[in-house]
Amino acid sequence: MISAIVYTSNSGYTAEYARLLGRATGLPVNDLRQVHTPQPDEEVIFLGWLMADRVMGWPKVNAFFKVRAVCQVGMGPASAAAAAARRGDAGKPDKRFVPKSSKKSTRKFRITTKSR
C-alpha cells in the first residue's frame, strides 16, 4: 500500500503539487533532499520536475523506494484557470492576465516597395 508522497522541486511548483496531492489523499509529503536512508519496502508516489526529457530525482527515488506512480511537472506556463484554482479564487478575474488597455492601436504602417 502506498505510504507517502516524495517529491523533488526546482522552482516550487512540484512541491506545491505534492502538498495538494498530500492534502487530497491524506498521505505524508517528503522532500527527496531530506531523505538519506533507503527504505526499499516503502511504496511511494513520486513527483519530479522535467529537464531535458528526464524526471529529476528519479535515480535516487528509484533506488530508495518502491515507486508506484510518477508525476512529472514542467513544459509550459499554467493557464489562468489552473493558477486561479491553485490559489483558491477560481471564478474571479486574475489581474495579471487582464490587458492594461483595451484601446486598439492607432498605429499605422506603410508598406513601400523599391522600384528598380
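The values are calculated or read from the model by the stated rules, or taken from the named source; none is laboratory data. Being a predicted model, the structure only gives us computed values, none of them experimental. Here the Cβ is made from the backbone with ideal geometry for all residues, glycine too, and neighbour counts use every protein chain on show.
Against the definition (touching a Lys or Arg at 6+ places or on another chain (Cβ under 8 Å), part of a strand (DSSP E or B), among the β-branched types (Val, Ile, Thr) and at pLDDT 80 or above), how does residue 67 come out, yes or no? Lay out the reasoning, then the answer.
Values: touching a Lys or Arg at 6+ places or on another chain (Cβ under 8 Å): no; part of a strand (DSSP E or B): yes; among the β-branched types (Val, Ile, Thr): yes; at pLDDT 80 or above: yes.
It is false that residue 67 is touching a Lys or Arg at 6+ places or on another chain (Cβ under 8 Å), part of a strand (DSSP E or B), among the β-branched types (Val, Ile, Thr) and at pLDDT 80 or above.
Can you tell me how many residues in segment 8-61 are among the aromatic types (Phe, Trp, Tyr) and touching a helix residue (DSSP H, G or I) at 6+ places or on another chain (Cβ under 6 Å)? Lay out the reasoning, then the answer.
As a first pass, look at segment 8-61 and keep what is among the aromatic types (Phe, Trp, Tyr): 13, 17, 46, 49, 58.
Adding the requirement that they be touching a helix residue (DSSP H, G or I) at 6+ places or on another chain (Cβ under 6 Å) leaves 46, 49.
Going through segment 8-61 one residue at a time, the tally reaches 2.
Just checking, how many residues over segment 34-54 are farther than 14 Å from residue 64 by Cβ and either surrounded by 14 or more Cβ atoms within 10 Å (Cβ to Cβ) or not aliphatic (A, V, I, L, M) (or both)?
Narrowing segment 34-54 to residues farther than 14 Å from residue 64 by Cβ: 47, 49-54.
Adding the requirement that they be either surrounded by 14 or more Cβ atoms within 10 Å (Cβ to Cβ) or not aliphatic (A, V, I, L, M) (or both) leaves 47, 49-50, 53-54.
Within segment 34-54, residues that are farther than 14 Å from residue 64 by Cβ and either surrounded by 14 or more Cβ atoms within 10 Å (Cβ to Cβ) or not aliphatic (A, V, I, L, M) (or both) number 5.
So how many residues does segment 49-67 have that are of a type in the set (Gly, Ala, Ser) and in contact (Cβ under 8 Å) with a residue 12 or more places away in the chain?
Looking only at segment 49-67, we keep the residues that are of a type in the set (Gly, Ala, Ser), and these are 52, 57, 63.
Adding the requirement that they be in contact (Cβ under 8 Å) with a residue 12 or more places away in the chain leaves 57, 63.
So the answer is 2.
Check segment 16-33 and report whether any residue there is buried (at least 18 other Cβ atoms within 10 Å of the Cβ) and not in a helix (DSSP H, G or I). Scanning segment 16-33 turns up at least one residue that is buried (at least 18 other Cβ atoms within 10 Å of the Cβ) and not in a helix (DSSP H, G or I).
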